[in-house]
Structure formats: C-alpha cells, structure tokens
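What follows is a set of notes on a single structure, which appears directly below.
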Amino acid sequence: MDVKQFHRRVLCIALLLSLCLTAMGATLYDLQINQGEALYERSQNKIAETQIVEADRGDILDRNGRVLVSNRVVYQVTLDLDHMGKEPEERNATLLSLVHAARASGVEWSDTLPISADEPFVFTEQSPYFTLSQNEDGTPSKTLTRLGQLAVKMKWITDPTKEPEPVETAPVQQEEPGLWDRITGFFTGETPQKEVQTPVQEKDSSLPTARQLLGKMCASFEIAGEGAVDKKSAEASGQAVPDLNIGDMDPADARAIAGLLYELYLRSREVTWTPYVFAEGVDIDFISRVKELSLPGVVIEPTTVRQYHTQYAAHILGRVGLMNRSEVEYYTSLDEDGDGKPDYEMDDTVGKEGVEKAFESFLRGTPGIRAVDRNTSGKILSESWITEPKPGDNIVLTIDIDLQKKVEDTLASSLPNLVSEEVEGAACVVLDVNSFDVLASASYPTFDLANYSRDWEKNSTDPLTPLVNRALTGTYAPGSTFKMVTAIGALEEGIITPDSQIRDLGRYTYYPGTPPQCWYYRQYGKYHGLINVSEAIEVSCNYFFYDVGRRLGIDLLVDYATRFGLGQKTGIELEESSGVMAGPEYTESMGGTWYEGSVLSVAIGQESSQFTPIQLASYISTLVNGGTRKSTHLLKEIKSSDYSQIVETYEPEVLSTIEIQDKNLEAVKAGMLALTTDGSVRRYFQDLPVQVGAKTGSAQVSAQTESNAVFVCFAPYDDPEIALAMVVEHGGSGSELGAMAADILSYYFSTKGSMDEIPMENTLIR
C-alpha cells in the first residue's frame with residue numbers, strides 16, 4: 001500500500017468518527033438541554049413497586065365431574081397509603097369519603113381493629129395486645145398480637161411481654177447547707193454538699209383501655225375535627241386533654257378512619273407490599289359512587305372469589321378466607337420451594353375448613369409478582385409481569401353430589417316426623433365398602449356456604465350447632481350396632497360357633513349386685529328363649545351378648561373393636577375425632593374405677609364407648625368386605641389447572657385386617673339380613689330392588705332424655721357395594737331410622753349406572 005492510499009483511508013476514518021461524535025453530541029444536547037427539564041420531572045414523578053398477585057384457586061368437582069366450587073370475577077376496592085396525599089387532612093378526608101360511600105351503599109368493609117365500631121368503645125377480643133401460652137418448661141409466655149406489635153412500634157403502649165424496667169426520676173435536691181453546716185465545714189476542712197436523692201420508680205405497665213388506645217391512635221394518625229385541643233398548649237396551660245381528642249368529628253367516623261389506618265400501617269411495615277382490600281364483591285352502585293369521587297389511593301380492580309354451584313356438602317367443601325392470627329405464624333413460615341422466602345404473605349387467602357383447607361397446597365396455585373410504575377398521584381403508568389401467577393390444580397372428590405343431596409334432603413324432611421320430639425341433630429355417611437370412597441357425608445342441621453359471613457352470628461350462636469360436622473367429629477355410643485363386633489370376636493376365638501345356642505333368661509345374674517336385663521324382658525317381661533348368634537343379632541338379645549362378651553373378655557373385645565377401626569381415626573383428609581373405645585385403660589385414665597362386670601355393658605355398645613358416624617360406616621365396610629379396613633377418603637384424583645393431565649390419583653391405605661372365616665361372617669350377615677326381611681324394619685325394605693343387611697341401636701344418653709338412635713346397613717347382601725351409618729341425636733329407637741336408610745338406598749340403586757362421567761370441559765360453569 002502506498003503512502004497516499006494510507007492517508008486517504010485515515011482521513012475517511014477520521015471523518016466517520018467526527019460524524020459519529022457530532023451525532024452523539026446533538027443527541028446529548030437534545031436530552032440535556034431541550035428535554036432535560038421534562039425528563040427530570042418524569043423521573044421524579046415515577047414510583048416503581050412490586051406486588052404479590054394471588055393465583056386463581058383450583059376447582060372442586062364431584063366424582064362424576066360436576067363442578068361444585070369454582071371462581072368468579074368480582075370487583076374489589078384496595079387502598080394504598082402512599083398515594084393518598086402527603087398531608088393527614090387530605091388522607092383522612094379520602095378515607096372518610098370512602099367510609100360514607102360504603103355506608104350509603106350498604107357495603108361492609110374489612111376492619112380487623114379489635115375495638116367496637118361505635119361508642120362505648122370496647123375491645124372485641126379478650127386479649128387484644130398479647131396471647132398467653134406456655135414454654136417447654138411450663139412457664140407462662142406472652143406473644144404480641146398484630147395490634148400489640150404495631151402499638152409497641154408506634155409507642156402507644158409499653159411492651160407487655162417484657163418485665164417492667166426501673167426508671168430513674170430526675171434528681172431531687174435538698175436546700176442549701178445552713179450556717180452551722182458552713183461553720184463546721186470551715187473548721188473541719190470539709191465543704192458541705194447539697195444532698196441529692198434519686199428515687200427509683202417502676203415503669204407504668206398498665207395497658208390502655210380500648211377508648212384510651214383509640215385516643216392514642218387518633219393523636220398519632222392526626223385524626224381530628226374542628227375544636228380539637230392542641231396538646232402542647234393544653235399541657236403548658238394545665239388544661240386537660242380528652243382521651244378521644246377529635247373535636248367535632250363524629251366518634252364513629254374517627255373510629256372508622258383509625259381502623260383503616262391501622263390496616264394500612266400494618267402493611268407499611270411489611271417487606272413485600274400487599275394491598276389492603278377494603279371490600280370485594282361490591283356492587284355497581286358502590287363502584288359508581290367511588291369512581292365519581294376520584295379518591296386518590298383508592299383503586300378499583302377485578303379479582304376472583306369462590307363461586308358455589310351447589311347448596312349441599314357445606315361441611316365437606318369448607319370455605320376460604322384471610323388467615324387469622326393463629327394461622328399467620330404457620331403459613332408465613334412455609335418455604336416449600338426452598339427459595340428462602342415465605343410461601344405466604346400475612347393477608348393471603350387460605351382454606352379455612354373442609355376440602356379447601358385439606359388440599360390447600362394443590363388448590364392455591366403459585367402467586368405471581370407484578371411490577372407497577374405509578375406517578376405521585378397513584379395513577380398506574382405501566383405494568384408488567386416479573387413472574388406470572390400459576391392457577392391451582394383441580395380436586396376431584398369421591399362424593400356423588402346427587403347422592404349427597406338425597407341424603408341431606410332425607411334428613412331434613414324426615415327428622416321432624418320422628419316420634420321423638422327431642423331431636424337435635426343427625427349425621428349420615430355412605431361408603432364404598434371396597435375402596436372406602438366417601439360417597440356422601442351429611443350433617444344436620446347444615447348451613448349455606450355462599451352466605452357464611454352473613455349468617456355467621458346466627459349459626460355460631462344456634463344451640464343446634466349447624467357449623468359442627470357431626471358425621472366426622474360427633475361421637476356417640478353405638479348401642480346394639482356394636483353387637484357384630486362381639487359376635488365376630490366370640491366366633492373367631494372359638495367361644496361359640498354359628499350353631500351355638502344360649503337361653504335368654506331375661507336377667508343376667510352372673511355377677512353379684514343388680515343384674516342387667518335384656519330389653520325384651522325389661523319392656524315386656526318376656527324371654528327370647530334358646531337362640532343362636534344370627535337370631536340374637538336379628539332380635540338384638542342383650543342376654544346373649546352379655547354371656548358371650550363376658551366369656552370373650554374385655555381385652556379381646558377392645559382388640560377386635562380396634563381392628564374394626566372403632567375408637568380410631570379413619571384417615572379421612574378432614575378434621576375428625578378419634579372417639580373412645582371403652583375399657584379399663586380409658587376408665588382409669590379418667591379417674592374412674594373399672595369393674596369386672598363392666599364388660600357386659602361394653603359388649604352391647606354402652607359403657608363409655610363413643611364413635612363417630614364415619615367410624616361406624618368404616619366398621620360395617622370392613623365387616624362385609626371380609627375384614628380389610630382401609631383409610632376413608634374424599635380425594636379421588638387431582639387434575640392440572642387446565643384439566644389436561646392427572647397430577648395424582650388417591651390409593652387408600654390398608655390400616656388393619658381381620659381374619660374372618662366365611663361361615664362366621666355369613667352367620668353375622670344372616671342375622672343382619674333377617675332384620676330387614678323378617679324383623680322390626682322389614683316394612684321399609686321389602687320393596688327395594690336389592691336385599692339389605694342392617695342393625696339398629698338405641699344408645700342411652702341420660703335418664704332424662706331420649707336415647708340416640710343408631711342405624712347401620714349394607715347392600716346388596718350377596719355382593720356388598722355400599723355401607724351406610726346414621727345417627728340421630730335423641731331420636732329414640734334405631735328402628736325408626738329404617739325408613740330414611742331405605743329411601744337413600746332405593747335412590748342409590750335406582751340411579752346407579754344411569755350417569756356417565758361428564759367431560760371436564762363441559763363442567764366449567766363460570
């Protein structure tokens with residue numbers, strides 16, 4: 001390359017660099033000089049924040065694919081303290097306008113401040129500042145509540161969980177030394193000093209009343225009206241400052257604003273920002289009112305709430321709600337993905353009872369994170385997903401909602417017609433005897449899930465306790481329905497055979513003292529005579545079971561009952577009671593005395609035995625399937641959020657087995673069959689399409705009330721498919737329940753196989 005060519009190339013490169021530098025300079029001039037002021041203003045007025053967004057919960061379906069619970073879109077009103085204005089007067093005016101709009105539209109807003117909404121202001125919780133518990137060593141321990149934590153941080157109270165510390169007051173000086181002291185000091189060479197006394201006082205550990213606390217909150221939040229006393233001026237002049245220093249402001253309004261600011265200040269101290277949901281599911285009237293007001297920091301946005309497609313199975317399905325104080329510690333400590341961050345925020349929605357709670361981890365989904373840019377007035381400038389929320393999985397239950405409806409309707413319509421006028425409640429459970437699927441589980445009286453909050457006060461104070469799930473948590477003496485346990489134990493242990501006969505003598509006099517009597521002798525003065533085990537089950541002869549129970553002994557009775565699952569939890573996913581199997585161990589644990597003759601009462605289902613209806617259904621299922629007890633369950637399978645795949649299928653666990661000889665099982669079943677073909681309930685079952693085996697029971701509660709009525713059965717007799725257990729509190733005779741059981745079985749077998757599983761895409765009712 002010659003020198004001229006080289007110089008030309010260098011010159012071209014220099015020109016290109018010059019052009020680039022010129023363009024860059026022009027751009028910088030435009031940004032800094034021409035647009036600088038506008039860009040600076042934009043940068044100052046843009047506020048970036050991240051929001052946690054809950055995912056849509058999964059659906060809940062019955063075994064045939066019918067959607068029982070899904071989601072629907074509603075509008076919610078949220079509040080953001082940062083965008084309500086810098087001045088307290090502006091912020092308070094916004095909140096007060098919102099409160100007045102809510103009252104005018106009849107909207108109830110979220111307010112967890114435990115102080116009554118109106119005068120006289122009192123705490124709505126027994127311990128608003130702290131809860132009491134015990135340490136491992138048994139010493140008492142105090143834990144601050146949400147209110148307590150905020151009150152300590154805001155210096156409304158001293159920390160009640162700490163011992164009060166001594167506080168030194170300002171030194172108190174005595175008068176100047178007198179003349180004699182000064183003369184004495186001159187001669188002694190000692191300079192007399194002022195005597196200084198420093199009294200020590202205890203910190204005031206008294207906690208403010210609800211009204212006093214509200215006053216402190218109003219002062220701290222600068223909630224006041226015209227005529228409010230200036231605290232500094234008042235103290236300087238010796239004027240008293242009222243506890244509730246709000247001037248001419250309506251006390252209920254001041255309380256309402258304080259409640260809203262309480263919620264907002266709680267959130268202002270969270271690491272992750274969470275919106276304060278003022279109200280959700282609001283109607284168009286309220287939305288219009290709020291939009292017309294154009295209140296800063298008040299945002300109306302869509303969200304989802306649970307939609308119930310059935311009025312039945314309330315005790316099974318359960319509900320969702322914001323976590324309460326007792327749940328916060330548990331949920332906010334979860335970190336299942338191991339990222340070092342809690343899986344839940346303090347105000348997340350969680351399952352509170354039933355299936356919603358049992359399958360919370362599947363139904364909840366994965367929350368998302370949204371980036372939001374706002375200006376100083378709160379207007380959203382831009383939004384983007386950092387992580388999109390993932391909807392929860394869908395839960396398919398074992399229950400048949402049509403059968404569930406039939407069971408609930410049967411209880412509701414039939415119980416008022418019983419002879420007994422003391423009926424207080426009832427429960428009925430239907431199980432698949434082979435899979436232990438819960439096909440129906442009803443508790444009476446029940447409640448409406450869709451209006452749970454509206455009806456809370458009525459239901460929670462109702463003496464019939466409609467919120468209690470009697471099918472799973474109610475415990476009742478089994479009465480004569482326990483006699484099949486006694487029979488199987490005696491047969492398998494060789495104490496009797498299917499052909500063995502015992503003569504009923506009316507009164508069983510083996511033990512000294514007042515002899516127990518057979519019900520037949522007690523009521524009619526008659527005897528059952530010489531009978532075998534099948535006949536004893538049919539006529540429910542107490543004398544027969546007194547004798548075989550005594551010979552079997554309490555230890556074997558308890559052993560067989562336990563293997564049948566009585567006095568044991570069934571394994572169902574919901575909360576359930578374990579019940580009690582009577583015996584020396586339990587009696588002595590309760591401070592009682594076990595007597596040898598107590599085994600007689602145990603053998604006929606009395607004494608202290610207490611079982612749940614679902615335990616009774618599990619026991620009958622175990623009996624008629626040949627002795628295999630599995631865990632009862634509500635989960636059939638879990639499907640992905642889009643129904644495209646099965647995430648999990650439930651396989652019941654075998655909990656225990658009982659070796660039952662065919663001849664012994666047939667002898668017991670024959671007695672149960674005879675009850676429905678020739679016995680006291682034959683009129684109810686004679687027209688059914690299948691044969692049914694059953695047993696009645698009447699369990700005495702007290703001498704002053706009717707006995708609890710108990711009924712168990714299975715069908716079909718030759719090839720059992722389902723077992724049913726029913727208890728009616730103070731229902732009297734168990735035979736009266738036969739009509740209800742027959743009605744349910746008739747429905748089941750008349751509709752069985754008439755409905756194919758519905759495709760999931762056709763069930764998404766929104």
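Listing for the model above:
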{"read-out": "Sole residue being surrounded by 20 or more Cβ atoms within 10 Å (Cβ to Cβ), in contact (Cβ under 8 Å) with a residue 12 or more places away in the chain and outside any strand (DSSP E or B), chosen from ALA471, ALA412, ALA442, ALA450", "value": "ALA471"}
{"read-out": "Residue in region 371-390 that is touching a Phe, Trp or Tyr at 6+ places or on another chain (Cβ under 7 Å) and of a type outside the set (Ser, Thr, Tyr) present", "value": "no"}
{"read-out": "Meets criteria (at pLDDT 80 or above, over 32 Å from the mean Cα position of the chain (by Cα) and loosely packed, with under 12 Cβ neighbours inside 10 Å) for GLU41", "value": "no"}
{"read-out": "Qualifying positions in region 522-545 - under 43 Å from the mean Cα position of the chain (by Cα) and under 13 Å from ILE604 (Cα atoms)", "value": "ILE537, SER540, ASN542, PHE545"}
{"read-out": "Lone qualifier among ALA102, ALA117, ALA93 - being more than 23 Å from the chain's Cα centre (by Cα) and in a loop (DSSP other than H, G, I, E, B)", "value": "ALA117"}
{"read-out": "ILE531 being in contact with a strand residue (DSSP E or B) (Cβ under 9 Å, 6 or more places away or on another chain), in contact (Cβ under 8 Å) with a residue 40 or more places away in the chain, within 25 Å of ASP662 (Cα to Cα) and surrounded by 15 or more Cβ atoms within 10 Å (Cβ to Cβ)", "value": "no"}
{"read-out": "In region 204-241, residue nearest to the chain's Cα centre (by Cα) [restricted to those that are surrounded by fewer than 12 Cβ atoms within 10 Å (Cβ to Cβ) and part of a loop (DSSP other than H, G, I, E, B)]", "value": "SER206"}
{"read-out": "Residue within region 703-722 that is among the small types (Gly, Ala, Ser), assigned to a loop (DSSP other than H, G, I, E, B) and in contact with a Leu (Cβ under 7 Å, 6 or more places away or on another chain) present", "value": "no"}
{"read-out": "Of residues in region 117-153 being polar (S, T, N, Q) and touching a strand residue (DSSP E or B) at 6+ places or on another chain (Cβ under 8 Å), the one farthest from PHE286 (Cα to Cα)", "value": "ASN135"}
{"read-out": "One residue from SER750, SER735 being crowded, with 19+ Cβ neighbours inside 10 Å, polar (S, T, N, Q), assigned to a helix (DSSP H, G or I) and out of contact with any helix residue (DSSP H, G or I) (no Cβ under 7 Å at 6 or more places or on another chain)", "value": "SER735"}
{"read-out": "Selection within region 474-494 - more than 24 Å from the chain's Cα centre (by Cα), assigned to a loop (DSSP other than H, G, I, E, B) and buried (at least 18 other Cβ atoms within 10 Å of the Cβ)", "value": "ALA477, PRO478"}
{"read-out": "One residue from SER288, SER333 being assigned to a loop (DSSP other than H, G, I, E, B), among the polar types (S, T, N, Q), without any contact (Cβ under 8 Å) to a residue 12 or more places away in the chain and at negative phi", "value": "SER333"}
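The values are calculated or read from the model by the stated rules, or taken from the named source; none is laboratory data. All figures in this text were calculated on a predicted structure; none of them were measured in a lab. We place every Cβ from the backbone using ideal geometry, glycine too, and count neighbours over all the protein chains shown.
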